[in-house]
Amino acid sequence: MSEPITGAQYEITAGPYHAVVTEAGASLRALTHHGHALVLTHGADEPAPGAFGQLLIPWPNRVDRGRYSYDGEDHQLDVSEPGLDCAIHGLVRWSPWRLAERSPDRVRLTHRLLGAPGYPFRLDLEADYSLDPEHGLTVRITATNTGSRTAPYGHGAHPYITVGEPIGACTVTIPADHYLPVNDRMIPDGPPQPVSGTPHDLRDGRVLGDHKIDNAFTGLARDPGGLAWVHLAGSKRTTSFWLDATHPWLEIFTADTIPAEYRRQGMGVEPMTCPPNAFATGTDLIDLKPAATHTGTFGIRAS
């Protein structure tokens with residue numbers, strides 16, 4: 001009996017919320033509220049297009065030419081984005097994750113990342129997805145260094161939030177004071193710049209129109225609980241995304257280069273512990289010592 005190429009499909013439900021998490025990459029394949037999609041989804045028997053819902057570990061975004069130095073040693077990652085000559089989105093997004101715990105409203109998956117050329121470090125990873133009938137989805141990513149040497153570490157995630165209509169007609173709110181310019185290979189080419197006076201200033205909410213974004217943002221305004229909020233408001237409903245303070249960076253992608261049937265139907269909202277190319281620059285890179293653990297959380301809800 002054949003099974004989908006993304007492996008087991010773990011469904012969880014709480015009140016009006018329903019989610020599907022896949023064995024492949026512990027990815028969020030679907031999330032709905034009263035049957036309305038909150039994220040772009042894909043078939044269980046097709047690879048996630050445009051990194052839909054994937055977890056980006058042990059680095060988010062890109063490493064320039066896959067090269068970095070750490071603790072006095074030079075490393076070369078596989079160039080997984082040959083068109084831009086970069087290593088992109090970590091090492092675990094296509095790997096099988098094991099079921100560790102499951103209940104009607106929660107699933108926890110684990111993965112052991114063993115050392116290999118380019119990343120000779122060892123991590124035990126957990127991805128915990130839980131639903132609440134009022135507060136929606138919470139995702140908790142945990143990494144524990146089970147090796148003998150300090151490991152460079154960062155993580156992110158790649159959901160595309162949606163309201164069921166093209167994002168150009170939607171009002172987008174991004175609570176960021178600065179954005180990170182990039183070159184034509186999507187590598188940062190300078191320090192973060194103020195959003196004031198630029199089309200990237202979406203702090204007060206603005207109709208997106210034909211504006212294109214594929215940049216990291218920082219300087220995030222947060223609520224009293226330490227959460228930063230992104231809102232995508234359509235003509236009938238709003239989808240909101242939050243990220244905790246372990247994520248000082250947020251990549252926004254207006255989905256202009258993904259497969260045509262999905263293009264600009266959702267917006268990539270990617271919480272990141274570090275900016276693009278952090279393995280090479282060291283910016284906000286986490287030095288995860290042996291036996292140390294790092295945890296970050298983010299979530300999505302209907303507003």
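Here, each number is a calculation from the coordinates, and none is a lab measurement. Predicted model only: the values in this text are computed from it and were never measured. So basically every Cβ, Gly included, is an ideal-geometry build from the backbone, and we count neighbours across all protein chains shown.
Computed extension gain for residue 303 through residue 203, at 0.36 nm per residue and net of the alpha carbon distance, reaches 34.2 nm. Once the chain from residue 291 to residue 80 is taken as fully extended at 0.36 nm per residue, the excess over their C-alpha distance is 73.0 nm. Distance between Cα centroids, segment 80-110 to segment 228-283: provide it in whole Å. Cα centres, segment 80-110 to segment 228-283: 17 Å.
Per Stokes-Einstein, at 20 °C and 1.002 mPa s, what whole-number D in µm² s⁻¹ belongs to segment 250-303, with the Kirkwood radius over Cα pairs as the hydrodynamic radius? Rounded to a whole number, D works out at 152 µm²/s. When peptides 252-265, 31-44, 51-64 are sorted by average Cβ neighbour count within 10 Å, with the highest value leading, the order is 51-64, 31-44, 252-265. Among the GluC sites (Glu not before Pro) in segment 100-135, those placed in a DSSP loop whose Cβ has at most 14 other Cβ atoms within 10 Å are 134.
Here the average projected area of the convex hull drawn through the C-alpha atoms of segment 63-139 stands at 7.0 nm². Computed from the Kirkwood radius of its Cα pairs, the Stokes-Einstein diffusion coefficient for segment 175-270 at 25 °C and 0.890 mPa s stands at 172 µm²/s. In this calculation the C-beta distance from residue 9 to residue 196 is compared with R0 = 41 Å, giving a FRET efficiency of 0.35. Expressed as a whole percent, how much of the Cα-Cα distance distribution for the chain exceeds 29 Å? So the pairs more than 29 Å apart make up 31 percent of the total in the chain.
What residue among 14, 146, 109 has its Cα farthest toward the positive end of the dipole of the chain, where the charges are +1 on Lys, Arg and -1 on Asp, Glu, each on the Cβ? Of 14, 146, 109, it is 14.
Order these peptides, 244-250, 158-164, by their mean beta-carbon neighbour count within 10 angstrom, highest first.
Most protected by this proxy first, the peptides run 158-164, 244-250.
Computed about the Cα centre, the dipole magnitude for the chain is approximately 340 debye when only Lys and Arg (+1) and Asp and Glu (-1) carry charge, each at its Cβ. Placing unit charges on the Cβ atoms only, positive for Lys and Arg and negative for Asp and Glu, gives segment 138-274 a dipole magnitude near 300 debye about its Cα centre. Label zone (residue 146, point 7 Å along Cα-to-C-beta; backbone nitrogen cut-off 16 Å) within segment 90-119: 92, 96-101, 109-116.
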